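For reference, the structure discussed in these notes is given below.
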Amino acid sequence: MKRFTDHYTYRFDVAPEALWRAVSDTDAVNRDAGLPPVRYTFEPRPEGGPVTIAHVRFGPVPIEWEEPPFTWEAPYRVSVERRFRGGPFVRFNSDVHVVGDGAGSRIEHAVELDARDGLGALLGPAVMARGKAGAGRAYELAAERARAAGPTPASGLAGVPEVPAAGITRVTRFVDALEALRPHTEHEPEIAARLAALVEHGDDAFVARMRPYVLADRWSMPRDRVLAAMLASTRAGLLDLSWTLICPSCRGQKNRVASLAGLGGEVHCDQCGIAYGADFDRNVEVTFDASPSGRSGEAPVYCVAGPQSARQTLAQTRVGGLGAAALDVVLRPGAYVIQALPDRAARFTVEEDAGAGMLEVRIDSTRVRAGTSTVRAGAVRVHAINLSVREAVVRVTEAELSDQIATAADVTALQAFRDLFSSDVLADGIELAIRSLTIVFTDVVGSTQMYGETGDARAFRLVHDHFEALREVIVLQRGAIVKTVGDAVMAVFVDPRDAVLAALRFGSAVAPLRLRIGMHRGPCIAMRANDRLDYFGATVNLASRVGHAAAPGELLVTAAIADDARVAEILPAGERGTLTLRGIAEPVEVVRIGAPAAEPAR
C-alpha cells in the first residue's frame, strides 16, 4: 500500500478564534473546495451504535466511504478520516490546525492518502494536487467570512448588505407583510429591509434555515420583534416556518415538520442511534426558510458531522476500548458536560481562577465519572480513560442548549403567533411538557355592578377596550393572551421579569377600571383545548387561585417569581406573607403589591 502525504501552510490577517470558526464549518469548506454534495446513510453496528456512510458522485463514478466521528478541539484543530469502500483508495485523513501568528493566524494542514492498488498509486499525485488547490481556495473564502463576521459568530450573514439598494421590490413586500403586527414599533421598517436583503443576497445554506434570534443578535435588534416580523412574513407567503426537534445527544436537527400538529411521539436520531421526544421549551426549535421567495428550501449537504453541526460542543474525539486520549480545549466560565455518546455523561463547571487546569474522566459501560467538579477557565486538558472494551466517542459540550434557539415555548407565548397562527395547534391527545412558564391572571373588579349601573352596551365597550389595552402592554412585554373568560384574562410569558413589568403597567392602562392580578411560575403542559393552544397543570391552577385571592387594585406575586434576582431588581416594595388557597395543600408564599404610583423603568 502506497501512502501519499503533504503539508500546507496558509497565513491570514485574521484572529485565530475567528478563523477557527470559519474553518471548522466543514460543510462550507468542503463546498468551497469543490467537493460534490454528499448523501448520508447510517448502518447499525453489531457492537451497537450506527456507522456513518457517505455517498457521492465524482462525475459518473459513485464513491462510498465510512466516516468515523470527527475529532476537534476548539479553537485549535479539526480532523476527519474517510475509509473508502472499494475504489483505488483505502483511506484519507485531513488534520487542520489553526495557530496564532503575530497579529494574525495561520492554518497548518496535513493530509494522508492511502492507495489500494496500482491505479490508486497512479492517480494519487493528481488527487493530492487537486486537493491542495481546493483547500487553498476554501481557506481564502473562510478567511473572508471570518473578516466579515467580526468578533462574534454569524455563519451565513457575511457579505449581506446592511440595507439593500433602493428600489428592491422585495423590501416593499416585507414592509407590507409587517403591517400585520400591532402595536408597531420603530424597528419594523429596518427589520423588513434587512430580511429582504438577506433573502436577496444571503448564503444558500443560511436562508434554508434562518434562526430568528441569531439574526436579531447579529443585527442588534430586539429578538421578539425579529421573531414577530418573521412570523408575519410567513403569514404573508414570503417565508416558511418549520418546527424541528433537536437531538439531546448530538444537538443536531433531526425531525422537521411544518405545523405544531406534526409534533408528538418519539423521533429517532440515526446518527446517535437513540429515540427522544419533544420538550416544548428545550428541544423544539422554530426556524424559517426563504423558499416562498424563490430561494431553495433545501441546501445541498457537503458535511453532516463536523463542528458546525454541534457548535456547543467544544471538543470531540474517539477513545478506543481500554484506551486513553487527550483533548486540549479552551473553556469559558459556565456549566459543561463530558459525554460518552449517546447517553453517558457527567457535569462539571468552569470558573475564573478556580480549580485545576486538567480534567480526568473515566468511562465504563454504564457511566462517565469526572475526577473533579470544577476546572479553571482557559486552556484545559481533558484526559479520557476508557475502561470498557468498546470504543467511546467523547465530547465536551456546554450543558445547556444555546439561548439563541427560538423554542416552541418562546414562539407560542408571543402574541404575534397567537394572532397570525391561531389555527396552528397541537394534535388531539398530544401533551408537551414545559419546564417553566409564567402564568398571569387578571379580573375586572366590580364588573357585575358596572353592567348594572352603566348598561350592557357601555359596560361591554369598557371591557372590550380593557382587553385591547392589556393586549398592547402584553405584546410590548413579549407575552401573549391565551384566552379571555368573561372579563378575566389568562396570559403567558416566558420571562417572569416581562410578566411583572407588564402587570405593573396594567393598572394605568385600563383606568378607570380596576383589576385583581395574580401570577405564578413553574412547569406546565401545553395541549390542544377548544381548537387553540392552551396550558394546564398545577402551576396554572395555582396562578388562577392567586389571582382570585388578590384584593381590588392589587398584584399578588408568588415567591417563585418574587425571589428571582432579575425580578427583585424591578419589583416595588410589598408585603410578604402566605395564603391558604382552596385546592392547594400547602400555604403559598406571596408578595402583595399595591397599584404603583408611576410606571417602573424598563
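Structure summary
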{"item": "Amide H partners (placed H, <5 Å) of Ala399, local residues excluded", "result": "Ala335, Tyr336, Val337"}
{"item": "Calculated FRET efficiency for the pair Glu43/Arg576, C-beta based, R₀ 41 Å, to 0.05", "result": "0.10"}
{"item": "Rounded tilt (10° steps) of 223-235 against the dominant C-alpha axis of the chain", "result": "90 degrees"}
{"item": "Helix 118-149 axis, angle to the chain major axis (alpha carbon atoms, nearest 10°)", "result": "30 degrees"}
{"item": "Options Ile584, Thr484, Leu260, ranked by Cα towards positive dipole end of the chain, top entry (Cβ charges)", "result": "Leu260"}
{"item": "For Trp65, distant residues with modelled amide H under 5 Å away", "result": "Ala54, Arg85"}
{"item": "By average C-beta atoms within 10 angstrom, highest first, the peptides 128-140, 309-321, 487-499", "result": "487-499, 309-321, 128-140"}
{"item": "Interchain or long-range residues, amide H under 5 Å from Tyr302's placed H", "result": "Val38"}
{"item": "Mean Cα-pair separation over length for the chain, i.e. relative contact order, pairs under 8 Å, 6 or more apart, %", "result": "11 percent"}
{"item": "Neighbour net charge for Leu239 - beta-carbon separation under 12 angstrom, K R +1, D E -1", "result": "+3"}
{"item": "Under the Karplus curve 6.51 cos²θ - 1.76 cosθ + 1.60, θ = phi - 60°, whole-Hz ³J(HN,Hα) for segment 523-537, x wherever Gly or Pro sits", "result": "x, 7, 10, 9, 7, 8, 8, 6, 6, 9, 7, 10, 10, 9, x"}
{"item": "Proportion of all alpha-carbon pairs of the chain beyond 35 Å (%)", "result": "49 percent"}
{"item": "Added length on full extension, which subtracts the Cα-Cα distance from 0.36 nm per residue, Asp465 to Asp176", "result": "101.4 nm"}
{"item": "Per-residue Cβ neighbour rank within 10 angstrom, fewest leading, Glu188, Glu351", "result": "Glu351, Glu188"}
{"item": "Phi to ³J(HN,Hα) by Karplus 6.51 cos²θ - 1.76 cosθ + 1.60 over segment 410-423, Hz, x for Gly, Pro", "result": "4, 5, 6, 8, 10, 4, 4, 5, 5, 6, 8, 10, 4, 8"}
{"item": "Reciprocal of mean inverse Cα separation for segment 3-149 (Kirkwood radius, Å)", "result": "16.3 Å"}
{"item": "Using alpha-carbon coordinates, inclination of helix 188-201 to the longest axis of the chain, degrees", "result": "20 degrees"}
{"item": "Potential lengthening between Asn93 and Leu322 on full extension [0.36 nm per residue; Cα-Cα distance subtracted]", "result": "80.1 nm"}
{"item": "Using a Förster distance of 51 Å, the FRET efficiency for Thr9-Thr448 (Cβ separation, nearest 0.05)", "result": "0.05"}
{"item": "Exposure proxy order (Cβ contacts within 10 Å, fewest to most) of Trp20, Trp243", "result": "Trp243, Trp20"}
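Every number here is computed from the coordinates shown, using simple stated rules; none is lab data. None of the values given here were measured: they were computed from a predicted structure. Note that each Cβ is placed from the backbone with ideal geometry, even for glycine, and that neighbours are counted across all protein chains shown.
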